[in-house]
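What follows is a single structure, written as structure tokens, with notes after it.
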Amino acid sequence: MASRPQVGPHSRLRADAEQFWHRVSEGLEVNQLWSQFEKDARSSYRLYSAGLSERVEGESGFRRVWLITKALFWAILEMLTPARRVLLLIALILLFFPVGGFTFGNKAGEVHVVEFDFRLWGGLLMFVVLLLELADRVVMKRDLEIAKDIQTWLLPGAPLQLPGYQIGYATRPANTVAGDYYDVILRPTASPNDGRILFVVADVAGKSIPAAMLMATFQASLRTLSNSGVPLAELIVNLNNYCCSNTQGGARFTTALIAELDPATGDMVYVNAGHNAPILRRSSGTIERLEAGGIPLGILLQTTYETGSSRLGPGDWLIVFTDGVVEAVNTRGEEYEEPKLIRLIDSAAAATPAEMIRRLLADLDEFVGNTPQHDDMTCLLLKRE
């Protein structure tokens, strides 16, 4: 009977260390970890340094450094609750004044000196503050993941199978949840052979939880109104009236492109409510813009919107996107911009929308690198075969 090979203590220690490191790093390579750290550091600095340039404008030298340091210190401190601020300040004091103690004597005339190294206690207090902050982060992350799942459920899943057309879409939130919205909605009509399709891309002002909540109410109201069967012009007016009652006095407006397509003919009517003008690329390579419409939804009650019309021919592309795509920035502060997007579309005009989406996201990743993005990215593509 063959004996089992003996595993030495060094091999077991190495295996345990590798298992521990894999659990901590989740299998990421060192360069991937550094890339993630760099991105997190940039994002954190942007959060803490908001408005910093205005505070130090015109200052130079030591005073500028001092003002930046003080502003960052207060920005970090004000993120904490009052109790945690006090704990952090005590910890910093103990770290900066590390040694203390007292002396005492006895009846025999002996003098004893007792010294304390307060750095240990300062480090422990900072560790307590860290644990409290981590507990909050875990709870918030869990809630955000639930919100993300709900938002994913609200958005369309697999692209609609529409004979003669190909559809693709993707969204990438700047945070866990997004204020961008896209949808493809079948509209009820009197004739079963005259089905119309709504293509929607919208962008709620702001990002994260507040924008995501308004996005959900926008989606619910749009789907309810679209089932009424009213013309697109009337639908937009009703949608704007609803948005005006849920935008905090116009502070949370929504830009949107809503287009209604007749699949049989390729005829399309649309309204552009303050949104980035979608790109209509003809099979010949010429570019048209869908600009007819009006101001963003939720700003002015009882405003009017102009409807535009166009027709999709064989080989034509419709590209609808939010400003997060063309305003994505790289490490040098340069924006992606529309000309780069148009060049990508021209180079992949023969591809499917799904392939175009993959190329676009890869191109955006290469362009921005580790730079944290300030806005959600969403793109919807429609191609007539």
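Below is a table of values for the structure above.
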quantity	calculated
Residue tally, condition open to solvent by 70 Å² or more (accessible area, probe 1.4 Å) and either in contact (Cβ under 8 Å) with a residue 60 or more places away in the chain or among the basic types (Lys, Arg) (or both), over the stretch 284-299	1
Residue identified as part of a helix (DSSP H, G or I), without any contact (Cβ under 8 Å) to a residue 40 or more places away in the chain and crowded, with 21+ Cβ neighbours inside 10 Å among LEU222, LEU214	LEU222
Among the residues listed as VAL200, VAL237, VAL269, the single one being over 30 Å from ARG142 (Cβ atoms) and in contact with a helix residue (DSSP H, G or I) (Cβ under 6 Å, 6 or more places away or on another chain)	VAL269
Every residue from the stretch 171-199 that is surrounded by fewer than 17 Cβ atoms within 10 Å (Cβ to Cβ) and either modelled with pLDDT of 90 or more or in a strand (DSSP E or B) (or both)	LEU186
Residue satisfying condition, being within 30 Å of PRO210 (Cβ to Cβ) and modelled with pLDDT under 85, within set GLU110, GLU115, GLU78, GLU133	GLU78
Complete set of residues in the stretch 307-340 that are open to solvent by 60 Å² or more (accessible area, probe 1.4 Å) and either in contact with a Phe, Trp or Tyr (Cβ under 6 Å, 6 or more places away or on another chain) or in a strand (DSSP E or B) (or both)	SER309, ARG311, GLU335
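The values are calculated or read from the model by the stated rules, or taken from the named source; none is laboratory data. Source: prediction; values computed, not measured. Positions of Cβ are backbone-derived with ideal geometry, glycine not excepted, and every protein chain shown enters the neighbour counts. Ligands, DNA and RNA are stripped out before the accessible areas are found, and what is left, the full protein with its side chains, is counted by its heavy atoms. Shrake-Rupley method; radii C 1.70, N 1.55, O 1.52, S 1.80 Å.
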